[in-house]
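J.: The structure under discussion is supplied below as structure tokens; questions concerning it will follow.
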Amino acid sequence: MTERRRTTLGTLTRLAASVVVAGALTAGMLLPVVGATGLAARESASLLEALPVELTDQTPHGNTTVLAADGSVITQFYEENRTPVTAEQIPDVVRQALIAIEDNRFYEHGGVDAQGTLRALATNLAAGGVVEGGSTLTQQLVKQTLLQTADTPEEAAAATEESVGRKLVEARLALALEETYSKEEILTRYLNIAYFGAGAYGIQAAAQRYFSVDAAALTLPQAATLTGLMRSPAVDSPLASPENAQARRDQVLQRMTDLGTISEQQRVEATSAPVVTVPSQNPPNGCIDASVGGFFCAYLLQHLTEELGMTQQQLDDGGYTIQTTLRPDVQTAGDRAVVESVPMGDSLAGMFTAVQPGTGHVLAMAVNRTYGCDAAVDASCESVVLNDAASQGSGSTYKVFTAAAALARGFSPQHTITTTDPYVSQVFRDGSGRYDVGNAGSYPDTLTMADALVFSSNTYFLALEDALGSVEGPVAAAEAMGMDFDRPNQTSAQQIVAEDRGSFTFGAEPTSPLDLAGAYATLAARGTQCDPTPVVSVVDREGVPATLLDGTPVDTGPRCVEGALSPAVADTLTEVLRRDVEPGNPGQTGARAYVPGHQIAGKTGTSQNALSATFVGYTPEYAASVMVLNPKENEDVGGYGGNRPAVIWNDALTPVLEAAPVAPFPAAGAAGR
């Protein structure tokens, strides 16, 4: 016996076995329903109890869509590309074609069709092979649902194994489904779950994939083509095998004609031309396919799963709409500005990170890298969200934290200190000796706190730390403003205080660009600190807020603390930091960031040995950090925070600020003495 005949005989034997199954089920389950009302009720109840949750759930939820702040689509998350549609969105011609080719007695049987199975057996025996199936659409729905919801390979195998036992279970569940749902609902669920090939699950995804139309707009020839695909999507694909697709389409149309669903004239017109496809690509999937902000997307995914507690499976098949905070205009301007100063593929990474003061909304995460591709192949690739990673320090940007602590302690912005250069600390030690620093430029020996912050005097700020007595105040101010020292590669705040690191005010600690932008946003928001967040809402297809697996609502609300810093201290620092950016102020270091006509405050920073350069600037509406560094190894960046970082900040925010009215800062309040 040849292998082909052996396979055919085995298939026919299984089909014959299904006849036995169908007969047994019909005799054992359906006949009692006719014979006794009480027995019918008991049988009906037992069938309903047999339904697993996968079959009592509603239609699969489909793809999760990620939206930017302006409503544009960033990407989707899905394991199976599916967009469920309602019964009203499926044209009659699709239902008619499906029933004609797959289960023409659909409206007559109760889930298992013994007559149809016998007919299929006779047809296949006469043909010497399997040309007609014996399962009803309801049975196919059971099989596909259990297969596509299987959590393990064993469950998937159990859903498709060729055995009398499995067919019995399938048939029993089909009968239970018919007891539970209407015929129209079963049809709709089947058309939403069926696989149509080319990565398209469900009729809507298939209509888009093959014809670039919605399911509701499918024509008769298109409907016949798609329903014909269900038997063997790979073999009858109109994209890969147009001849096979045409033959199968014509078979569906002939069957519809034989059943009187369409007229002969309709069949002739529908078969007069070959299958004409208008293919489209499947929707973007995941952050690697993001239309904008790939690193923001990756940060969002991390936030949803690690911070908010959602699972990847929820995101992949939950059918949610995720409203994010990403501003495409800010993102694209940031992308352009970064690459113009630090080219793609450069060993140095340029990172622009923007947040909204008062809400913590992350507006943009730009890097001179492509997200998600293979860095071993292309140096411009990166899979780590560098905007949220701490690798190098950010230099003198930390002097703001020391100034904030001093102002909160009652020091005046005019607090004057005279220092030597270098200055030797009376409090802090460096190994066995006293800690000392020198200035990067030539400054007067005597400075006020305000002047020292604008000039970025190292000697003054070490002396100010001495006056405070320890780094506990500056560290506490940094944390209150939003800095997190519990990231990888960082030293905890407790250890920094315990070791009394005098270098804290000089930004020696590895720093996250996002933390830095968020901390300065606290100044812009007059002391209100908000944790950065990339998401505003997560809702299902009915607009209902998403819940975690335990039923707890997903908390996408803002996490803000009013008065984390006193408004008077915040306003005073803003007034001083405006002098570092806005024109006409001697000694300023951030002048290149200035956008004419706008009020901007900011601070530059350069780490020891120029291993990083930073500028952090803000207006009442935007706070953004720019860091330039090598995230993988130490490398001299060849400049200061007032150079490339300030230029990138200016280039990124100029189009954004010029598109809106000028937003003024409030007048500084009284702080200290």
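J.: Arranged from highest to lowest average of other beta-carbon atoms within 10 Å per residue, in what order do the peptides 363-371, 281-289 appear? Walk me through the numbers on the way to the answer.
T.: Values: 363-371: 26.2, 281-289: 17.2.
Descending mean neighbour count gives 363-371, 281-289.
J.: In addition: Just flag the GluC sites (Glu not before Pro) in region 526-625 sitting in loop per DSSP whose Cβ has no more than 13 other Cβ atoms within 10 Å.
T.: Passing sites in region 526-625 are E542, E562.
J.: Please work out the Cα center distance from region 189-231 to region 627-650, rounded to the nearest Å.
T.: Taking the Cα centre of region 627-650 as reference, the centre of region 189-231 is 52 Å away.
J.: Any chance you could give the angle, 0 to 90 degrees and rounded to 10, that helix 92-102 forms with the longest Cα principal axis of the chain?
T.: In the chain, helix 92-102 runs at an angle near 60 degrees to the longest axis.
J.: So if R0 is 45 Å, what FRET efficiency would S212 and R559 give, r being the distance between their Cβ atoms, rounded to the nearest 0.05?
T.: 0.60
J.: Run through the DSSP bridge list for the chain and note the antiparallel percent, rounded to the nearest 5.
T.: Antiparallel: roughly 85 percent of the beta bridges in the chain.
J.: If you don't mind, another one. Highest mean first, what order results for 76-83, 482-489 on Cβ atoms within 10 Å?
T.: Taking the mean over residues of other Cβ atoms within 10 Å, the ranking is 76-83, 482-489.
J.: Can you figure out the FRET efficiency of S263 with A234, using R₀ = 25 Å and their beta-carbon distance, to the nearest 0.05?
T.: 0.20
J.: May I ask you to derive the FRET efficiency for N609 and A498 from their Cβ-Cβ distance with R0 = 22 Å, giving the value to the nearest 0.05?
T.: Efficiency computed from Cβ-Cβ geometry: 0.25.
J.: How far apart, in nanometres, would the label points at S412 and E161 be if each is projected 7 angstrom from Cα along the Cα-to-Cβ direction?
T.: Here the answer is 8.7 nm between the modelled labels.
J.: Summarise the long-distance tail of P(r) for region 201-257 by giving the % of C-alpha pairs beyond 13 Å.
T.: Values: 873 of 1596 pairs.
The calculated P(r) of region 201-257 puts 55 percent of pairs beyond 13 Å.
J.: Going by average Cβ neighbours within 10 Å, how do the peptides 459-472, 375-388 rank, with the highest at the top?
T.: Put in order of decreasing packing, that is 459-472, 375-388.
J.: Still on this model: S291 to Q312: extension gain in nm, 0.36 nm per residue of separation minus the Cα-Cα distance?
T.: Length gained, S291 through Q312: 5.5 nm.
J.: Give me the 1.4 Å probe accessible area per residue for region 487-563, excluding ligands and nucleic acids, in Å². Numbers along the way, then the final one.
T.: Values: 3300 Å² over 77 residues.
Dividing the accessible area of region 487-563 by its residue count gives 43 Å².
J.: Pop out the carbon and sulfur fraction of the accessible area of region 557-661 as a percent, whole number, probe 1.4 Å.
T.: 49
J.: Which shape class, rounded, prolate or oblate, goes with region 617-672 when its Cα gyration tensor gives a ≥ b ≥ c as root eigenvalues, a/c under 1.5 marks rounded, and past that a/b bigger than b/c marks prolate?
T.: Oblate, since a/c reaches 1.5 and b/c is not below a/b.
The values are calculated or read from the model by the stated rules, or taken from the named source; none is laboratory data. As the structure is a prediction and not an experimental result, all values here were calculated from the model. So basically every Cβ, Gly included, is an ideal-geometry build from the backbone, and we count neighbours across all protein chains shown. Side chains are part of the model used for accessible areas, which takes the heavy atoms of the whole protein and leaves out ligands, DNA and RNA. Shrake-Rupley method; radii C 1.70, N 1.55, O 1.52, S 1.80 Å.
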